[in-house]
Amino acid sequence: MSRKMLIDGEVGNSTVEEAQYDFDLFVIGAGSGGVRAARTSAGFGAKVAICELPFHPISSEVIGGVGGTCVIRGCVPKKILVYGASFRGEFEDAKNFGWELREPIEFNWKKLLHNKTQEIIRLNGIYKRLLSSSGVTMLEGEGKVIDSHGVELTQPDGAKRQYSAKHILIATGSRAQRPSIPGQELAITSDEALSLDEFPKRVVILGAGYIAVEFASIWRGMGATVDLFYRKALPLRGFDDEMRTVVARNLEGRGIKLHPERNLTELIKTEDGIRVLTDHGEELVADAVLFATGRASNTKRLNLEAVGVELDKTGAVKVDEYSRTTVPSIWAVGDVTNRMNLTPVALMEGTCFSKTVFGGQPSKPDYNHIPCAVFCIPPLSVVGLSEQQAIEQANGDILVFTSTFTPMKNTISGRQEKSVMKLVVDSETDKVIGASMCGPDAPEIMQGIAVALKCGATKEQFDSTVGIHPSAAEEFVTMRSVTRRVSAGSKPKTNL
């Protein structure tokens, strides 16, 4: 059903021009950002539709499902596997705490996989109900833009329907990329890794970002032999160099074989598995090879450039500070814009979009002090600037405070693994501008630290805060001695 609407001009202004549309907003993509934008826009009184491909819980071939990458084939299922993998270390540590465990302790991959899938199905249903209860029209199928106010939907049965909308929001996320090497079809991506029929006992992973180190921890924790190959000297490029070193040491300590400054050159199928060749003449045989070499924005099938929406050289949608594209009626949020590819950021962008377009509150996403975590075992979590970023951006000297200690639990279990914490402070303002931690419960602790940084907390305020004893978190308020003072603009001695 159509009705008369007003076409918005620039953000914060309006021009009066009557037109008829099926919807005030049509969202293409029902991931985190798209669902949040649809629901909040409907809450402001907009008539909203959202489209998404159908969800196939057993297949990783179709990129679909309400909830998007995070819920269906990303954060949530991955964290479930991390929980499963963590028990190996817990069983080992339990012995010195008096627990007599009968050997052998066996791991049932298929049982974990089944329970993981059931949880994803449950969450998919919750997301659908959230949309329905918000008054959003849910349409199944693949959407593409046909003009500045038009969307064509290809339904699962192949039938096509067209809809008009005052505003169109692109929220189609991203997809895993594969490096172009001979035999690449033998490898899997994180999509398939979450649903393998058989547990791989020998794994080779190419990559050094979130996905690579997390799956290395997952598979090793479940008992597989894991070889991790990456092009730099350390994993997790873009994170604090000191914390990257800690993560690498912990991965090795957990039995993962690291191959820095190495690349894969060819994969060959054999009777014994997949033969893996490297650029240094090495050969390995694996049951599974995981490519964790980055993701690309899902824009190829959207017809965006044909209607005037500009993409960058990677295929991501170009947007302004309000998430508006080069076509005034078309917007984009989430990974498809390749700004900061985190689920909570997509949620923030979706909320800001709704406030701007339908709430009468022009809102720009704030990318400062966004915490994040890498769920390797043990995890790494950070907020604010790394030491290297602080040196580049600050005007005055940088004060670095660090603490390296053996967690109380490890002193009894005998595990040779230390926790490391770090605060980066602007010497002129005394503000804490960066914090990081690698160790048990790091993400849970860092969420609270993020609130402090968002509020502009100073080191003096950290120092005057009473700690919780005994806890690891109290180290953040008891670091009194400066580890080092670094002049702004100086170049750290690193080649990472």
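The values are calculated or read from the model by the stated rules, or taken from the named source; none is laboratory data. This one's a predicted model, so the numbers in the text were calculated from it and none came from an experiment. Neighbour counts are summed over all protein chains in view; Cβ atoms, including those assigned to glycine, are modelled from backbone coordinates with ideal geometry.
Below, the figures for the structure above:
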{"read-out": "Among (1) buried (at least 18 other Cβ atoms within 10 Å of the Cβ); (2) without any contact (Cβ under 8 Å) to a residue 40 or more places away in the chain; (3) of a type in the set (V, I, T) - the single one T356 does not satisfy", "value": "(2)"}
{"read-out": "For Y210: the one exception among (1) crowded, with 21+ Cβ neighbours inside 10 Å; (2) hydroxyl-bearing (S, T, Y); (3) closer than 20 Å to A42 by Cβ", "value": "(3)"}
{"read-out": "Which numbered condition A394 misses (of (1) in contact with a strand residue (DSSP E or B) (Cβ under 7 Å, 6 or more places away or on another chain); (2) at pLDDT 95 or above)", "value": "(2)"}
{"read-out": "Condition met for A49 (modelled with pLDDT of 95 or more and assigned to a strand (DSSP E or B))", "value": "yes"}
{"read-out": "Residue ID - modelled with the highest pLDDT, chosen from residues in the range 52-85 that are surrounded by fewer than 18 Cβ atoms within 10 Å (Cβ to Cβ) and hydroxyl-bearing (S, T, Y)", "value": "Y83"}
{"read-out": "Condition met for A248 (crowded, with 21+ Cβ neighbours inside 10 Å and hydrophobic (A, V, I, L, M, F, W, C))", "value": "yes"}
{"read-out": "Residue under evaluation M446, criteria (1) surrounded by 15 or more Cβ atoms within 10 Å (Cβ to Cβ); (2) over 23 Å from the mean Cα position of the chain (by Cα); (3) touching a residue at least 24 places away in the same chain (Cβ under 8 Å), criterion not met", "value": "(2)"}
{"read-out": "Subset of the range 153-173 [in contact (Cβ under 8 Å) with a residue 60 or more places away in the chain, surrounded by 15 or more Cβ atoms within 10 Å (Cβ to Cβ) and not aromatic (F, W, Y)]", "value": "L153, S164, A165, K166, H167, I168, L169, I170, A171, T172, G173"}
{"read-out": "Candidates K459, K454 - the one that is touching a strand residue (DSSP E or B) at 6+ places or on another chain (Cβ under 8 Å), of a type in the set (K, R) and either modelled with pLDDT of 95 or more or more than 18 Å from T402 (Cβ to Cβ) (or both)", "value": "K459"}
{"read-out": "Subset of the range 281-309 [closer than 28 Å to S217 by Cα, free of Cβ contacts under 8 Å to residues at least 60 places away in the same chain and part of a loop (DSSP other than H, G, I, E, B)]", "value": "G281, E282"}
{"read-out": "Single match in S381, S490, S471 (criterion: in a strand (DSSP E or B) and either within 22 Å of L251 (Cα to Cα) or not assigned by TED's automatic domain parsing to the domain that holds R244 (or both))", "value": "S381"}
{"read-out": "Residue check for D241: surrounded by 15 or more Cβ atoms within 10 Å (Cβ to Cβ) and of a type in the set (D, E, K, R)", "value": "yes"}
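For (1) β-branched (V, I, T); (2) farther than 27 Å from W331 by Cα; (3) more than 27 Å from the chain's Cα centre (by Cα), each residue gets a yes or a no:
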residue: P104; (1), (2), (3): no, yes, yes
residue: L112; (1), (2), (3): no, yes, no
residue: G135; (1), (2), (3): no, no, yes
residue: D157; (1), (2), (3): no, yes, yes
residue: T172; (1), (2), (3): yes, no, no
residue: Q177; (1), (2), (3): no, no, no
residue: T189; (1), (2), (3): yes, yes, no
residue: A193; (1), (2), (3): no, yes, no
residue: A208; (1), (2), (3): no, yes, no
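Okay, residues lined up against (1) assigned by TED's automatic domain parsing to the domain that holds A171; (2) in contact with a Leu (Cβ under 8 Å, 6 or more places away or on another chain); (3) acidic (D, E):
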site: E252; (1), (2), (3): no, yes, yes
site: L258; (1), (2), (3): no, yes, no
site: I274; (1), (2), (3): no, yes, no
site: V285; (1), (2), (3): no, no, no
site: E310; (1), (2), (3): yes, no, yes
